[in-house]
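Before any comments, here is the structure.
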Amino acid sequence: MPIKRYVETIKRMDWVLFGAMAALAVGSVFFIYSASYSASGPAAAHHGRLPIYQMQMMWFGVGLLVYLAVALVDYRLICQWATVWYVIALGLLALVLVAGVKVYGARRWLGLGSFGIQPAEIAKLATLVAISYYLFHRTLEARRQLSTVWVALVVAGAPLVLIMLEPDLGSALVLLPICFGLLFVAGARVKHLALMIALGLVLAPFAWLHMKDYQRDRLTVFLHPNKDPGGVGWNLTQSLISVGSGGWSGKGYLQGTQNLLGYLPSTVAPNDFLFSVIAEEKGFVGSLGVVGLYAVILFSGLRIAANARDRLGMLLATGVVVMLFFHIFINVGMTIGLMPVTGLPLPLLSYGGSFVLASMTALGLLQNIWIHRRIY
Amino acid sequence: MIISAPFRENNPRLRAIGTIIAGGLFLLLGALWRVQVMRGQHYDNKQDAQSLRRIRIPAARGEIVDRNGVVLANNRPSYDIAIYLDQMGVPKKGNVVAIAQANLGILGSELGLQNKLADRDIKLHYQKRRPLPMPVWHDLPPEQVAAFSERTNNLPGPDLIVMPVRQYPLGPLAAHLIGYVGKADADDDDDDIEKFSYYQPDSVGRQGVEKACDEYLRGSPGGRTIRVNPAGTIKDDLGEKQAERGGRVTLTIDVRLQRILEKALGEAPPTAGKQLSGAAVLLDARTGEVLALASVPSFDPNIFSPGTPGQMIEAVMNNPASPMLNRTIGARYPPGSTFKPITLLAGLESGVISPQDTVTCPGFFTIGNHTFRCWNHSGHGRVDAETAIRESCDVWFYERGLKTGVDNITKVAAEFGLGQPTGFDLGSEGRGLVPSAAWKRTQRGEKWWDGDTVQLSIGQSFLLVTPMQMACVAATFANRGTCLRPYVVKRIESSDGQVVHEGQPDVRMHLSAKPQQIEFVRQAMLGAVENGTARPAAVKGLSVAGKTGTAQYDTIVDGKTQRLERAWFIGFAPYDQPQFAISVLIEAAKEGSHTAAAVASKVFAQAFGKTTEDSRPAEVIYAD
């Protein structure tokens, strides 16, 4: 009996949104296969693990279950536990600093059996929920006060600082647009938000002084891409060549020379630079397809926000949309030198379990809000 | 649970966010349009520039053959074992040099070969020429090639490659004429070095025809385009442009005559304790074609192929006897008495001498307080012009030469082409020297004395000639007054069989003397061989005309002064319808000019299929 009810409920979800997500997931598996395919043949499984395109398929399988589960349980119920999620997230962030696995000089991973999870991905969602829930509780009058802005910033600031310490600058900075986006749609005064941004800009030089060397390098490479093309600028230079040489219609699937020959390093091609692989093999047409699918997801999200049953749903949906947009804009922008190299992955496309699960959880939340919308 | 506050569907702030997102996506699309569509070609070129490499493939060098098609120079395959450093499967941060040395050590011990590659060279090759094979062992014999193919270890990297090697099937025969090749330095042809990422140089001619006809023999290089990964390993082969084989050079040389000339010259006896050195040139007197050209000591051009131990090449290069020197064009000597026919012709032409003029030779000649001796110290008695040539009487020439004067003599010498390059197509020839009063004043700051004219008359003084120039003098007498340019390149055909160059007889100038004057000198030269000082040049059944010459010079050997005789012979045959003109020079001859004349005799006899006529008188005379 409950199974049948669940099926009935699921049938009410936004199928266009689901279709766009499914299309990106299928593309993800195909292009991760391509990105890990070398001139000498498909990448062999190593260290006794599955090839990464199969890993990604598995993550999408797990992700689908999470997606359905998140979509079914009423979001209002989920948000009642907002504080708990938030505290757990902070706990995990603290734990990763102590017990995290060190990869390339950063502690971002918590070992969990043979898998690793990135607490930062959990923290993004938990913070989104926490701020939404907080703003949902404030009256219109309260939301127009500067104090609300401060509280929201503190809620975002705690995980931000912890993530910065890992360090993972990109993931940490995602929290800011989420926070500002939520405050903005919640009705905070633009004057107050502008004040905060101005304050942030004044403090930015101090942040610069506290950055790790590699973070500074990434920012200076963005400003001067030709400064050191053999070193830090390598990824950016090669990504630009990949995307550009794709031309109008691309070189064809599995024909991306940049990736096949290893100019686009195989360590970054399947995750942070997967868009470069797609753009090289499928050209501008492929880029248009990817951006188009994201547009479908983002505007479906905004439609869901507009049609949410209550302000909580509207806030959550907006937060998800802002979070996804920020990832997309930074990642695609990074591959063509429009944005600094921050290491933010592309939702649904980039290889990586934690982020696939986080993205699908966020999309499940959107479906949840849509399913539980008020129908007139 | 708090009941939801009323919610306005038409939220302008939500729309603002929608606008920002739409703007952001359009910004991305615009930027992608710019990178992919507007600047796509730019990035495509950039990609090619970083991943495409052009490898130059040298062309096979063309053949050199004699006038009858006998091969003098061609290519043979050399089986080399080379190592592909990029295919050894060196792990990241692995030591390429150590792995290469280890693999080669194992292979070498199985094949019984010693690996002599230096670590430094391996490292350099890995950095600069990674996709190219690095040669390890050159020119392996068939047994070792077989052993390599059947080797038990299969370490990655080593491979058998076949390289063309220049070979000279006849060994040292005509070595100075053919020359040899070396590996081109990159700057030998830097015109196209820029076009290639990996430059495999051509062989380049270093001497002789190999050098003179280098541009035809070389052919044009091909190229192979490959795609490499950032480590420089070949990942893709994008095709090859075939190299175009070099052209075929046919020489005027006749291998049969070349053998005869080299053998005759090689058998000439040198002064006791000296190594034989000399030169000889055999021309076709009618055309100026070089039929044979020899210079001793000689060398085997095959030693310049890769794989020859360096000491062997150095031994040849540093040999004090200079075997690499082409003495026919690269060395200059005073012509001695072989110059006398020119002095005689100058006298006749200027009208100072008439054929009937007689001079009494007492064995010496005096100007002021200076005495010049005749080679025959007891004197020739009454001598006319014809006898003066036949017996090579110095006094007659002292006397008549002085009357003729330096200007008349040098004018005729110039008509024979002395004092200037002959125009021989091998190039790098000495121009010799015909002195004059003006030359002496500017070069030596001294007046031209009558004594100088006296010396010039018998081919001494400052006069210097090459054996090639003297062969031209002989040819000019032979053909009755036409000075021809000697040439050795008969024909050059490109690889598709088209004739790109045809050697043609080339008249440099004509003697201004009257035909009967030239005929008189020719007759005197005939007399010299038939019953004069040049008798050793005679051949039974063949009328040979010629003139000998000897120049004595001193060298210091082991602190002691030794007097040596430089022997000359110039001549032509048959007298009436001359075909061959010859010049022979021997630096330290055992029997003076007899030695040189005997060489010519052997050459003419064998060339015409006659036997030499030993008409030498019983007593040994130091004839001049």
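The values are calculated or read from the model by the stated rules, or taken from the named source; none is laboratory data. Every value quoted in this text rests on a predicted model; they were computed, and no experiment measured them. In this analysis, Cβ positions are derived from the backbone assuming ideal geometry, glycine residues included, and neighbour counts consider all displayed protein chains. Note: accessible area is taken over every heavy atom of the protein model, side chains too, but ligands, DNA and RNA are not part of it. Shrake-Rupley method; radii C 1.70, N 1.55, O 1.52, S 1.80 Å.
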> Any residue at all in the range B:78-86 that is buried (at least 17 other Cβ atoms within 10 Å of the Cβ) and within 14 Å of chain A (Cβ to nearest Cβ)?
Replying inline: yes
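Please verify whether A:Arg144 is open to solvent by 10 Å² or more (accessible area, probe 1.4 Å), among the charged types (D, E, K, R) and within 21 Å of the chain's Cα centre (by Cα), treating the condition exactly as stated.
Numbers: open to solvent by 10 Å² or more (accessible area, probe 1.4 Å): yes; among the charged types (D, E, K, R): yes; within 21 Å of the chain's Cα centre (by Cα): no.
When the stated conditions are applied, A:Arg144 does not pass them.
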> Do any residues in the range B:368-385 that are over 16 Å from B:Gln356 (Cβ atoms) and free of Cβ contacts under 8 Å to residues at least 12 places away in the same chain have Cβ atoms under 8 Å from those of residues that are exposed (fewer than 15 other Cβ atoms within 10 Å of the Cβ) and aromatic (Phe, Trp, Tyr), where the two are at least six apart or on different chains, and which pairs are they?
Replying inline: B:Thr371/B:Phe364
> Which of (1) under 22 Å from A:Met58 (Cα atoms); (2) at pLDDT below 95; (3) of a type outside the set (Val, Ile, Thr) is the odd one out, the single condition A:Leu349 does not satisfy?
Replying inline: (2)
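Sort through B:Gly94, B:Gly89 and tell me the only one that's small (Gly, Ala, Ser) and either at pLDDT 85 or above or open to solvent by less than 40 Å² (accessible area, probe 1.4 Å) (or both). Step through it out loud before you land on a result.
Numbers: B:Gly89 fails: either at pLDDT 85 or above or open to solvent by less than 40 Å² (accessible area, probe 1.4 Å) (or both).
Step by step, each of B:Gly94, B:Gly89 is checked, and only B:Gly94 is small (Gly, Ala, Ser) and either at pLDDT 85 or above or open to solvent by less than 40 Å² (accessible area, probe 1.4 Å) (or both).
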>> Just to verify a result, which residue in the range B:26-67, among those that are under 22 Å from B:Thr225 (Cα atoms) and in a strand (DSSP E or B), is nearest to the other protein chains (Cβ to nearest Cβ)?
In response: B:Leu52
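Would you pick out the residues in the range B:286-312 that are touching a Leu at 6+ places or on another chain (Cβ under 8 Å) and among the hydrophobic types (A, V, I, L, M, F, W, C)? Explain how you work it out, then say what you get.
Here is the first cut: in the range B:286-312, the residues touching a Leu at 6+ places or on another chain (Cβ under 8 Å) are B:287-297.
Those that are touching a Leu at 6+ places or on another chain (Cβ under 8 Å) and among the hydrophobic types (A, V, I, L, M, F, W, C): B:Val290, B:Leu291, B:Ala292, B:Leu293, B:Ala294, B:Val296.
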>> I need the full set of residues from the range A:127-177 which are of a type in the set (Asp, Glu) and either under 16 Å from A:Tyr86 (Cβ atoms) or within 14 Å of another protein chain (Cβ to nearest Cβ) (or both), in order please.
In response: A:Glu141
> Looking at (1) within 11 Å of chain B (Cβ to nearest Cβ); (2) at pLDDT 95 or above; (3) open to solvent by less than 10 Å² (accessible area, probe 1.4 Å), which is the only condition A:Leu366 fails?
Replying inline: (1)
> So which of A:Gly337, A:Gly333, A:Gly286, A:Gly292 ends up being of a type outside the set (Phe, Trp, Tyr) and in contact (Cβ under 8 Å) with a residue 60 or more places away in the chain?
Replying inline: A:Gly337
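Can you find, within the range B:527-559, the residue that is nearest to B:Asn479 (Cα to Cα) among those that are β-branched (Val, Ile, Thr) and open to solvent by 10 Å² or more (accessible area, probe 1.4 Å)?
Here is the first cut: in the range B:527-559, the ones β-branched (Val, Ile, Thr) are B:529, B:533, B:539, B:544, B:548, B:550, B:555-557.
With open to solvent by 10 Å² or more (accessible area, probe 1.4 Å) added as a condition, the list becomes B:550, B:555-557.
Values: B:Thr550: 25, B:Thr555: 38, B:Ile556: 42, B:Val557: 43 Å.
Among residues in the range B:527-559 that are β-branched (Val, Ile, Thr) and open to solvent by 10 Å² or more (accessible area, probe 1.4 Å), the one nearest to B:Asn479 (Cα to Cα) is B:Thr550.
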> How many residues does the range B:563-590 contain that are outside any strand (DSSP E or B) and surrounded by fewer than 13 Cβ atoms within 10 Å (Cβ to Cβ)?
Replying inline: 2
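Scan the range A:156-213 residue by residue and report those that are over 21 Å from B:Ala16 (Cα atoms), assigned to a helix (DSSP H, G or I) and either open to solvent by less than 10 Å² (accessible area, probe 1.4 Å) or among the hydroxyl-bearing types (Ser, Thr, Tyr) (or both). Spell out the reasoning first.
Applying the first criterion (over 21 Å from B:Ala16 (Cα atoms)) to the range A:156-213 yields A:156-173, A:199-213.
Checking the rest, the ones that are also assigned to a helix (DSSP H, G or I) come to A:156-165, A:169-173, A:199-209, A:213.
Of everything in the range A:156-213, those that are over 21 Å from B:Ala16 (Cα atoms), assigned to a helix (DSSP H, G or I) and either open to solvent by less than 10 Å² (accessible area, probe 1.4 Å) or among the hydroxyl-bearing types (Ser, Thr, Tyr) (or both) turn out to be A:Ala156, A:Pro159, A:Ile163, A:Gly170, A:Ser171, A:Ala172.
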> Which one of the conditions (1) touching a strand residue (DSSP E or B) at 6+ places or on another chain (Cβ under 9 Å); (2) at pLDDT 90 or above; (3) surrounded by fewer than 24 Cβ atoms within 10 Å (Cβ to Cβ); (4) among the polar types (S, T, N, Q) does B:Thr611 fail to meet, given that it meets all the rest?
Replying inline: (2)
> From the list A:Val321, A:Val290, which one is at pLDDT 95 or above, under 30 Å from B:Ala49 (Cα atoms) and within 11 Å of another protein chain (Cβ to nearest Cβ)?
Replying inline: A:Val290
> Any idea which residue in the range B:538-558 is farthest from B:Glu391 (Cα to Cα), counting only those that are among the charged types (D, E, K, R) and touching a Ser or Thr at 6+ places or on another chain (Cβ under 9 Å)?
Replying inline: B:Asp554
> Can you pull out the residues in the range A:328-349 that are outside any helix (DSSP H, G or I) and surrounded by fewer than 24 Cβ atoms within 10 Å (Cβ to Cβ)?
Replying inline: A:Ile336, A:Gly337, A:Leu338, A:Met339, A:Pro340, A:Thr342, A:Gly343
> Just one of the numbered conditions (1) at pLDDT 90 or above; (2) more than 30 Å from A:Arg76 (Cα to Cα) is not true of A:Pro265; which one?
Replying inline: (1)
> Hey, does the range A:268-287 have a residue that's within 11 Å of another protein chain (Cβ to nearest Cβ) and surrounded by fewer than 20 Cβ atoms within 10 Å (Cβ to Cβ)?
Replying inline: yes
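Out of the range A:92-132, which residues are over 16 Å from A:Ala358 (Cα atoms), open to solvent by less than 40 Å² (accessible area, probe 1.4 Å) and assigned to a helix (DSSP H, G or I)?
The initial filter retains those residues of the range A:92-132 that are over 16 Å from A:Ala358 (Cα atoms), namely A:94-107, A:111-114, A:131-132.
Among the residues that remain, those that are also open to solvent by less than 40 Å² (accessible area, probe 1.4 Å) are: A:96, A:100, A:106, A:131-132.
The answer is A:Val96, A:Ile131, A:Ser132.
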>> Condition check: at the interface with another protein chain (Cβ under 10 Å from one of its Cβ atoms) and open to solvent by 30 Å² or more (accessible area, probe 1.4 Å). Does A:Leu312 satisfy that?
In response: no
>> Against the condition at pLDDT 95 or above, within 25 Å of B:Arg535 (Cα to Cα) and buried (at least 24 other Cβ atoms within 10 Å of the Cβ), how does B:Pro486 come out, does it pass?
In response: no
>> So, in the range A:324-345, how many residues would count as being over 19 Å from A:Gly19 (Cβ atoms) and more than 7 Å from chain B (Cβ to nearest Cβ)?
In response: 14
> Can you tell me which residues in the range B:72-125 are within 12 Å of B:Val136 (Cβ to Cβ) and of a type in the set (A, V, I, L, M)?
Replying inline: B:Ile81, B:Ala82, B:Ile83, B:Leu85, B:Ala100, B:Leu104, B:Leu107, B:Leu111, B:Leu113, B:Leu117, B:Ala118, B:Ile122
> In the range B:499-514, what residues are in contact with a Leu (Cβ under 8 Å, 6 or more places away or on another chain) and farther than 30 Å from B:Gly351 by Cβ?
Replying inline: B:Pro505, B:Asp506
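Anything in the range A:239-258 that is on the phi < 0 side of the Ramachandran plot and either at the interface with chain B (Cβ under 9 Å from one of its Cβ atoms) or open to solvent by less than 10 Å² (accessible area, probe 1.4 Å) (or both)? List them, or say none.
Step one: list which residues in the range A:239-258 are on the phi < 0 side of the Ramachandran plot, which gives A:239-246, A:248-249, A:251, A:253, A:255-258.
Residues satisfying the conditions are A:Ser239, A:Leu240, A:Ile241, A:Ser242, A:Val243, A:Gly244, A:Ser245, A:Gly246, A:Trp248, A:Gly256, A:Thr257, A:Gln258.
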> Looking at (1) under 21 Å from the mean Cα position of the chain (by Cα); (2) at pLDDT 85 or above; (3) over 18 Å from B:Phe580 (Cβ atoms), which is the only condition B:Leu265 fails?
Replying inline: (3)
